[in-house]
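Where a number appears in this text, it was derived from the coordinates with a stated rule and is not lab data. Given the structure is predicted, the values throughout are model-derived calculations rather than measurements. Positions of Cβ are backbone-derived with ideal geometry, glycine not excepted, and every protein chain shown enters the neighbour counts.
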Amino acid sequence: MPVKTSKAFLTVLGVPEKPHISGYSSPVMEGDPIRLTCKTSGSKPAADIRWFKGDQEITDVEKKQERDSNGKTFTVVSVLDFRGDRKDDGTVVSCRVDHDSLNSTPHIATQSLDIHYTPTVKILPSTPVPQEGQPITLTCESKGKPLASRSSSITGLAPEPVLWTKDGGELPDPDRMVVNGRELTITFLNKTDNGTYRCEATNSIGKNSAEYILIINEPLFTTTIIPLFTTATVKTSVTITPRSTSSVSGTKDPNAYPGPAAPDHALIGGIVAVVVFVTLCSIILLGRYLARHKGTYLTNEAKGAEDAPDADTAIINAEGSQVNAEEKKEYFI
């Protein structure tokens, strides 16, 4: 029988060591450069290193690998460079190592960032439209790191102390302008309070400020004018309802003051006005009627001529025996 042989090729994977991050020193000032280095050794073939800031992967990194002293495994190094920013404060940066030997369970090293920065400041008024005679509270909201010693907040809010000024100087009226922590309260506004109010917050890194321009508006009052005399034109009829006020069209005035019922003399005045109006109209109509109906009358010379059969007889029978007498007319003016 001939001899049969077979071959098998064995590949041994080198499991990478757990990575570690170096090069970070806490805290970091905002704007300072940060260089983080992630390193892992003993991988065969060479492992893959990826960077993440929170859940977002960072691709702009520097990578290099070198063979270990045994000549079989590799050491992989990846470097991440960026500048400190206040939005990265508290963010976790992670270095992730992927390799075939890890069975889809990568090695991960993490580093939390501690960024110090100057406060950010903004002023919030208690009312959007300040009015004369009313109070107002201006709240100075600030966020910075580290916090001042007096601050009890753990979220980075309200580094104290804060400084309030008006138009570049001290507050002019401490009795009305009360400062309580980050709040400035003006108990009673008047025109002299118009101006620019400034809030300045400070921590160990630096200081920052915000401004608010206060413009006081006139107070809003509703004025109702009730006329003593009312003149109206009556076309057909007038209906007077006691203890109620309405417009000519029957729609209630929405701006009318909801007060007590009108006094009795208003009703009497309305009745007198209607009577006077009707009387004047009657006099005018009667005058026009009499002017258009003129009376025709005969003079004394024409009396007795009504029953004459002809003109000659009428002349003879007329009183005064006047010939060619003309008819006389009288007019009432």
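Say R0 is 51 Å: what FRET efficiency, to the nearest 0.05, do E57 and A273 get from their beta-carbon distance? Let's see the in-between values first.
Numbers: r = 90 Å, r/R0 = 1.76.
Calculated value: 0.05.
Can you list the chymotrypsin sites (Phe, Trp or Tyr not before Pro) in segment 20-73 that are in a DSSP coil and have 16 or fewer other beta carbons within 10 angstrom? Before the final figure, lay out each step's value.
On the way: sites: Y24, W51, F52; in loops: Y24.
Passing sites in segment 20-73 are Y24.
Based on the Cβ-Cβ distance from D81 to T11, what FRET efficiency comes out when R0 is 41 Å, to the nearest 0.05?
With a Förster radius of 41 Å, E is 0.70.
With θ set to phi - 60° and the Karplus curve 6.51 cos²θ - 1.76 cosθ + 1.60, what are the ³J(HN,Hα) couplings of segment 71-86 in order, to the nearest whole Hz, using x for Gly and Pro?
x, 10, 9, 10, 10, 10, 10, 10, 10, 10, 10, 6, 10, x, 9, 4
Assigning unit charges at the beta carbon (Lys, Arg +1; Asp, Glu -1) and nothing else, what dipole magnitude in debye, to the nearest 20, does segment 1-150 show about its Cα centre?
On the way: 20 positive and 19 negative charges, 141 e Å.
The calculated dipole for segment 1-150 is roughly 680 debye.
Please tell me which of these pairs span more than 27 angstrom C-alpha to C-alpha: K18/K87; K39/K143; K18/K63; K18/K53? All intermediate terms of the calculation are to be shown ahead of the outcome.
Values: K18/K87 29 Å; K39/K143 36 Å; K18/K63 17 Å; K18/K53 19 Å.
Correct reply: K18/K87; K39/K143.
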